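Okay, structure first, notes after.
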Amino acid sequence: MQTTYPVAPTLMQPPSKIPLLEMQGITKRFPGVTALNSVCFTAFAGEVHALMGENGAGKSTLMKILTGVYSTDEGSIFLAKQPFMPSNPRSAQRSGLAIIHQELNQVPELSVTENFFLGRELKNSFGLMDHKKMRFETIQWLAELGLHLEPERLLKHLRVAERQLLEIAKALSLNAKVLIMDEPTTALSGEEVSQLFTVIDRLRVSNIAIIYISHRMDEIFTISDRITVLRDGHYIGTDTATNFSRNRLIQMMVGRELSDLYPSSQRNLGQTILRVKQLCVQKSQGKQALLNLEFSVAAGEIVGLAGLLGAGRTETLEAIYGVPNKKTVAGKIEIAGKLESMKSPHHAIKAGIGYVTEDRKGQSLILARSVSENTSLAALKRFTKGLFLNLKLEQQENLVVIQKLRVKTPSLETPVSALSGGNQQKVVLAKYLLNSPRLLLLDEPTQGIDVGAKAEIYAIINELAQAGTAVLLASSDMPELLALCDRILVMCEGRITGQLSRQEATSARILEFATQFKPQYQETL
Amino acid sequence: MIANPTISKRNPWLETALRFQGYLGLLIVFLIGLIFSPVRDGSNLFVDPINQANILRDIAETGIIAVGMTFVILVGEIDLSVGSVLALTATFSAAMLVRLNLDTGVVIVLGLAVGGLSGLINGVVTTWVRIPSFVVTLAMMSFARGFARLALGGLAIPVIAGTGGAPDSFFVFAQRWFGIPVPAIVMLVVAIISGIILRFTPFGRHVYAVGGNPIAARLSGVRVDQVKIIVFVICGVLTALAGIIHAAQLNQGSPNDGVGYELNAIAAVVIGGTSLMGGIGTLAGSIIGAWMLGMIDNILGLNNINSDVQLLIKGALIVAAVGLQRIQRRA
């Protein structure tokens, strides 16, 4: 069931015995909450140490103390045996701590070299920038990681993976001894992940300690030497990665057995809800984003959409939901046997469709507005009498659906930005549930969400399907697809290259279909 | 579940103060006026009811425009053309009254239509051609004033009562009811109706949603372009209303009036706590903002302080108000 990453053989040398970084009894209190309670953490030079825990477990608070964003209330830190107490991020950086964020702090309009030396440009004897020297040094540092980028290329033309590696090279040039990677692979394809892991292996050899934070279990087991688990601000334990099983790790993270992460289900399929015929979508310059898609989803059925990054999964959902310009879409979309022209999301919602996007902050939520306003946004019509909204009715129904999905929020009026990722995702689901949709389109519904919330969202999806909703689920999480879906459609380059029933589906077979590239198509890419 | 720890970090007094920041600011400005007001014959000139009524009259035009501007800024756009559209509609209304001798009601409807049309153009070009509203309304700012000068003659058109002049009913905008200037009453009515629209109608929700995140709004079934166009039309119509009041109060419609009004309106909205990024803000805030600016002008005027100083103070006030809001949102 595990996704296999094609990774260079790991150098299994035992980590050296002197801890490079030692954090002891770290306690951090905020008014009302103890975010960290006497937490310990050590990292040796040349090891990859995974820091695991659900959202809110205290991982990011611990890292913020380490990088000087917060100060600790109790406890002590030693870096190479010296007491270490960074007062601000800059002093932490000077002491050899570097963090690679999920959101990279780079300037897209500047070149590779300019970004590399941003804020510390080299000058020649006239006090002007020494482009030649900077260019040369950039190439050298990148080569150290086995990376060859044109130094003049603008950053916006690089792929996320390349930008990330540039950031790592920059950290190394700043003499980093401890490198913190916070969810580095969320935006990377499988191949890019293995490239990153190759680089991590090099860093391991050059005796850098890497603290690796990720929700992706497979990665953790592939790359890390040791794992430390935090839960609710408490230190739970540290052990060699090979001593962990997937189940033991989950159990330590959530504090209970999660044998039923995926709900088992008996569902009865009803009439066909969605039928797609010869669906084509054009990208710019006449290129096809989608080519002649034909499939259907029945009531009560969960159909998966698998494929590599850029295979066209998101485009498929968007086309059904009326997101792209009508002129670029051809083909027929039938909802419950009725031909619908999906001119816009407005029409799609009217036809009984809900769409949970891949990017909940960017595309699904109005972050500045309240939980309540976000929940009812797509269903305001239900609460409108004449010209005006019936605020009381709105409040009541919002409360019902929010409670049903067990969204943890201080109140309905709390800005949705204050909620954790899992709860935000539940608000997005709640928004469409208010309309009791016939068809639910889900794009990476559990991305960046902790295990506990994941299980809850799976249960919700399953319940909806049992109640007769048709579900089309696009995901790059293989175990998720294999466990939830009755049928899996595999896409490659905008085409459906295979269909697998629940019994037939394995990750290997999905991958096989997902890599059926068309040779002549590749050349035009 | 550990809540966002920074939320509980705040001092409750500071929090309360920040929450009622607008009203507090208004109170502080009022107290400053009270203290620094010149006293004549033992009576404080600033707190005199007639003076307070004058402040309301003076802010009515800015206040009405600021209501329209609030809508526009809430959807994340901007309208720089309001000063010129005010000049256009004031001059147009004056011409209709004096040259064509039309009835007051007809003139008001036509005037509002002209304002609505310019708003429609702003909205349509912004959404359909996808040019930023900053650019579109900058162009309209130039276009509307040029059009007013060309079509209606470059000179001010006097609006005088009596035979051959404007009908008496037009000057209702220069009157007072129960001591309160009619323009101020119009402003309050406009603000209240708009406030109800924002808070109690689906359209109001859509306005906040579009400003907060246009992509999420569209995917939630909101017709983003339609909402933006309506908002620009509202702003145009309200600006025209201010223009008609302007003509009645000044007894003329001049294509050269209204210069800099857009900045006053934007200042009022921003001081009132509406985010220029869109999605956050209230109408009450904008009216309070306009009111504060009006009081400060009045205080300085009563003390015969140079109008250049007024500009300095206005600038400082904008920065202070927005700075406070930053602290509030960060906390």
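Read-outs: derived from the displayed coordinates by stated rules, not from any lab. Just so it is clear, the model here is predicted, and its values are computed rather than measured. Because the Cβ atoms are built from the backbone with ideal geometry, glycine has one as well, and the counts that use them run over all protein chains shown.
State the dimensionless ratio Rg/Rh of the stretch B:46-149 (Rg: radius of gyration of Cα atoms; Rh: Kirkwood radius).
Values: Rg = 16.0 Å, Rh = 15.1 Å.
Computed over Cα atoms, the ratio is 1.06.
May I ask you to list the lysines whose Cα is less than 21 Å away from that of A:K404, ignoring any residue fewer than eight positions away on the same chain?
A:K392, A:K426, A:K431, A:K454
With a cut-off of at most 10 other beta carbons within 10 Å, and DSSP calling the residue loop, which trypsin sites (Lys or Arg not before Pro) in the stretch A:73-116 qualify? Please list them.
Of the trypsin sites (Lys or Arg not before Pro), the ones in loops of the stretch A:73-116 whose Cβ has at most 10 other Cβ atoms within 10 Å are A:K81.
Looking at the stretch A:42-136, which chymotrypsin sites (Phe, Trp or Tyr not before Pro) are DSSP coil and have at most 13 other C-beta atoms within 10 Å of their C-beta?
Those satisfying the criteria are A:F126.
Going through the stretch A:86-140, which GluC sites (Glu not before Pro) have at most 15 other Cβ atoms within 10 Å and a DSSP loop state?
Here the sparse-neighbourhood loop sites are A:E103, A:E109, A:E121.
Rounded, prolate or oblate: pick one for the stretch B:89-197, where a ≥ b ≥ c are the square roots of the eigenvalues of its C-alpha gyration tensor, a/c under 1.5 means rounded, and failing that, prolate if a/b is larger than b/c, else oblate.
Oblate is the answer for the stretch B:89-197, as a/c is 1.5 or above yet b/c matches or exceeds a/b.
Can you tell me how chain B classifies by the Cα gyration tensor, rounded, prolate or oblate, using a/c under 1.5 as the rounded cut? Numbers along the way, then the final one.
On the way: a/c = 2.04, a/b = 1.15, b/c = 1.77.
It comes out oblate by the Cα gyration axes.
Any lysines with Cα under 30 Å of the A:K287 Cα? List them, leaving off those in the same chain fewer than 8 positions away.
Cα-Cα hits under 30 Å: A:K156, A:K277, A:K326, A:K327, A:K332, A:K338, A:K343, A:K361, A:K518.
Taking Cα centroids, how far is the stretch B:281-321 from the stretch A:467-522 in Å?
Each part's Cα centre sits 63 Å from the other's.
Hey, what angle do you get for helix A:131-144 against the long axis of chain A, alpha-carbon based, 0 to 90 degrees rounded to 10?
Its long axis makes an angle of about 80 degrees.
Once you sort the root eigenvalues of the Cα gyration tensor of the stretch B:220-331 as a ≥ b ≥ c, which label holds: rounded (a/c under 1.5), prolate (a/b larger than b/c) or oblate (the other case)?
oblate
At q = 0.08, 0.11, 0.21 Å⁻¹, what log₁₀ I(q)/I(0) does a Debye calculation on the Cα points of the stretch A:327-474 give, no solvent, two decimals?
The Debye formula, applied to the Cα set alone, gives -0.22, -0.42, -1.42.
For peptide A:372-379, what's the mean number of Cβ atoms from other chains within 10 Å of each residue's Cβ?
The mean count of partner-chain Cβ atoms within 10 Å per residue comes to 4.
Give the angle, between 0 and 90 degrees and rounded to the nearest 10, that separates the Cα long axis of helix A:190-205 from the longest principal axis of the Cα atoms of chain A.
Helix A:190-205 sits roughly 20 degrees off the main axis of chain A.
Per residue of A:344-356, what is the mean number of Cβ atoms on other protein chains within 10 angstrom of that residue's Cβ?
Averaged over the peptide's residues, the number is 3.
Within chain B, what's the longest stretch lacking trypsin sites (Lys or Arg not before Pro) that sit in DSSP loops with no more than 11 other Cβ atoms inside 10 Å?
B:131-331
What is the sum of charges, Lys and Arg at +1 and Asp and Glu at -1, for the other residues whose Cβ falls under 14 Å from the Cβ of B:A248?
Taking every Cβ under 14 Å from that of B:A248, the sum is -1.
From the mean inverse distance of alpha carbon pairs (Kirkwood) and the Cα radius of gyration, derive Rg over Rh for the stretch B:276-331.
1.06
Where the centroid of each part is defined by its Cα atoms, how far is the stretch A:109-162 from the stretch B:65-123 in Å?
Going from one Cα centre to the other spans 54 Å.
List every DSSP H helix in chain B whose Cα atoms extend 30 Å or more along the helix's own long axis and whose mean Kyte-Doolittle hydropathy is at least -1.0.
Membrane-span-like by this criterion, though nothing is claimed about a membrane: B:49-74, B:104-128, B:224-250, B:307-330.
Provide the percentage of antiparallel DSSP beta bridges, counting only those with both residues in the protein assembly as shown; round to the nearest 5.
If we restrict to bridges inside the protein assembly as shown, about 60 percent are antiparallel.
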